[in-house]
2 protein chains.
Amino acid sequence: MGAAGKLAILAGDGTLPSDIAQAARTAGTPVCAVDFAGVRAAVPDDVEVIAARFERLGALFDDLRTAGVDRVVMAGALARPALDPAALDATTLALAPRIMAALKSGDDGLLRAVIAVFEEAGFAVLGAHELVPGLVAEEGVLGAHAPTPADRADADRADAITAALGALDLGQGAVVAQGLCLGVETVQGTDAMLDWVARTGAACRPDAKGARGVFLKRPKPGQDLRADMPVIGPDTVRRAAGAGLAGIVIAAGGVMILDRAATLAAADAAGLFIWARGGLA
Amino acid sequence: MGAAGKLAILAGDGTLPSDIAQAARTAGTPVCAVDFAGVRAAVPDDVEVIAARFERLGALFDDLRTAGVDRVVMAGALARPALDPAALDATTLALAPRIMAALKSGDDGLLRAVIAVFEEAGFAVLGAHELVPGLVAEEGVLGAHAPTPADRADADRADAITAALGALDLGQGAVVAQGLCLGVETVQGTDAMLDWVARTGAACRPDAKGARGVFLKRPKPGQDLRADMPVIGPDTVRRAAGAGLAGIVIAAGGVMILDRAATLAAADAAGLFIWARGGLA
């Protein structure tokens, strides 16, 4: 990452915006954060924050250019916005048909549209994983526990399911235990799906002493990893443990691990494996 | 349905076993019910009941032949059994590897195996829809309410999703609202999925005044309709209404409507459409 221009972090929830801000500074890149209405930008206090609204993209583009920004990165979860039509500026109004159409597609379609809008406005769009080394897992078993052959078979089935779902622009994750699918990620997201498995999955495993199952997460086939790259973190581990699973399988090179030390410590403590599997991204 | 031999109803939950028993009698076919351990056969009191255990299929086949049974029909939901290995008879023991493998596949794989086991023992296996006329919906809008163009678009998306899921032997249903998938049926079944959408779906629709969404149910592509033909009933309508949906889409010719009068009355009262769509089965 050179020092050509300023980087703007479109900041959502979680620790990722802060990680990116710190990585940018380490690399000598000037950085600012964009705080959309109602979202508190989770960046260090001394990082410049530009207030923004989804309805006023024209104003945001002007502010970014004034600040010297030439690159943006989307970081952290942002809720699908409820837009106030009366607040739309001319730029956003012209984009409205595309944005409304994208809001009705899956996450990937929406984020592809957002990337296109920023690129057309002259900004380069980077992926968080391009900025922060070590966010994306290398292939291998990462923690203290390892998958059994039964867990690997469950991972194979979850792989087939998520590949088919991804082609439809549905979610990026699925839970499989003893060959049976206990959960499929839909627009409610990973956390809600794992909580659902925790509540409903116990009676669904044919062999009470058999494999406890895996949660697999991967990018959709062909997904633009600059937007919505799948992530796991300590909370994912807690929810997977709560769902009674044996471990978490992620696509090596295709899923970010937030707060890696805490994530692996939580998995080790809960007896879960974390396996970054090749061939999924 | 002729009077060639006796029909045995492998009876699960719900009103279907009773409906079949009455239809068989109307047609002059002698009938009995098989009651698996822990399941109360829901048939009229004067129907002969043969007690059975999943672990003792050899004994069941003997009992059926002694009773003059040459045809069986599976009717109503049966929970996946927890088998007691110590209780297995010789016939079941010989079948155990196939049954254990089938238990680890989806519902369809399991029921295909059960059908094969009964056929190999010399029994014809019939579908409930072959015995009770009018169980399966003809094409068209069935109740007082009709889908809007937006509902039809949601049905198209749900169709694409269930077709892809069915090819993987996952569930038979999905919920789509405003183009977004709010739920996918997994082994927990339709009721649990609709309850999940009721709990989690409200915030997921981009336009609060837009299409409320549809629940679509269809057989899996290539599914053997003698086993686990998809069904809806009054309870499905109640749960779909609880999930805030606009209506229910079923495959014309491929989904049974239990207690049709009550189902349509419930839909009319709740303002939901019931649409039996062609081209899905």
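The values are calculated or read from the model by the stated rules, or taken from the named source; none is laboratory data. What you see is a predicted model, and the numbers here were worked out from it, not measured in a lab. Glycine also receives a Cβ, built like all others from the backbone with ideal geometry; neighbour counts cover every protein chain displayed.
Please determine whether any residue of the stretch A:211-232 is in contact with a Phe, Trp or Tyr (Cβ under 7 Å, 6 or more places away or on another chain) and either in a loop (DSSP other than H, G, I, E, B) or not aromatic (Phe, Trp, Tyr) (or both). Talk me through it step by step, then tell me what you get.
Let us first name the residues in the stretch A:211-232 that are in contact with a Phe, Trp or Tyr (Cβ under 7 Å, 6 or more places away or on another chain), namely none.
No, the stretch A:211-232 contains no residue that is in contact with a Phe, Trp or Tyr (Cβ under 7 Å, 6 or more places away or on another chain) and either in a loop (DSSP other than H, G, I, E, B) or not aromatic (Phe, Trp, Tyr) (or both).
In a helix (DSSP H, G or I) and either closer than 15 Å to B:THR92 by Cα or of a type in the set (Asp, Glu) (or both): does that describe B:PHE54?
Working: in a helix (DSSP H, G or I): no; either closer than 15 Å to B:THR92 by Cα or of a type in the set (Asp, Glu) (or both): yes.
No.
One residue alone among B:ALA241, B:ALA276 is part of a helix (DSSP H, G or I) and under 26 Å from B:SER18 (Cβ atoms), and that residue is B:ALA241.
Within the stretch A:218-239, take every residue that is of a type in the set (Val, Ile, Thr) and modelled with pLDDT of 90 or more and give me the one that is farthest from A:ALA102 (Cα to Cα). It would help to see each step written out before you state the result.
Residues of the stretch A:218-239 that are of a type in the set (Val, Ile, Thr), as a first pass: A:231-232, A:236-237.
Add one more test, that the residue is modelled with pLDDT of 90 or more, and what stays is A:232, A:236-237.
Working: A:ILE232: 25, A:THR236: 28, A:VAL237: 31 Å.
Only one residue fits best here, namely A:VAL237.
The numbered conditions (1) outside any helix (DSSP H, G or I); (2) modelled with pLDDT of 80 or more are all true for A:PRO81 except (2).
Here is a check on your reading of the model: is B:LEU111 crowded, with 19+ Cβ neighbours inside 10 Å and modelled with pLDDT under 85? So B:LEU111 fits the description; yes.
Yes or no, residue by residue, for (1) in contact with a Cys (Cβ under 6 Å, 6 or more places away or on another chain); (2) under 30 Å from A:ARG25 (Cα atoms); (3) surrounded by fewer than 20 Cβ atoms within 10 Å (Cβ to Cβ):
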{"position": "A:GLY122", "(1), (2), (3)": "no, yes, yes"}
{"position": "A:VAL132", "(1), (2), (3)": "no, yes, no"}
{"position": "A:PRO147", "(1), (2), (3)": "no, no, no"}
{"position": "A:VAL184", "(1), (2), (3)": "no, no, no"}
{"position": "A:VAL197", "(1), (2), (3)": "no, no, no"}
{"position": "A:LYS209", "(1), (2), (3)": "no, no, yes"}
{"position": "A:ASP224", "(1), (2), (3)": "no, yes, yes"}
{"position": "A:VAL231", "(1), (2), (3)": "no, yes, no"}
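Here A:ASP195 clears all of (1) farther than 23 Å from B:THR200 by Cα; (2) among the acidic types (Asp, Glu); (3) facing another protein chain (nearest Cβ under 10 Å) except the condition numbered (1).
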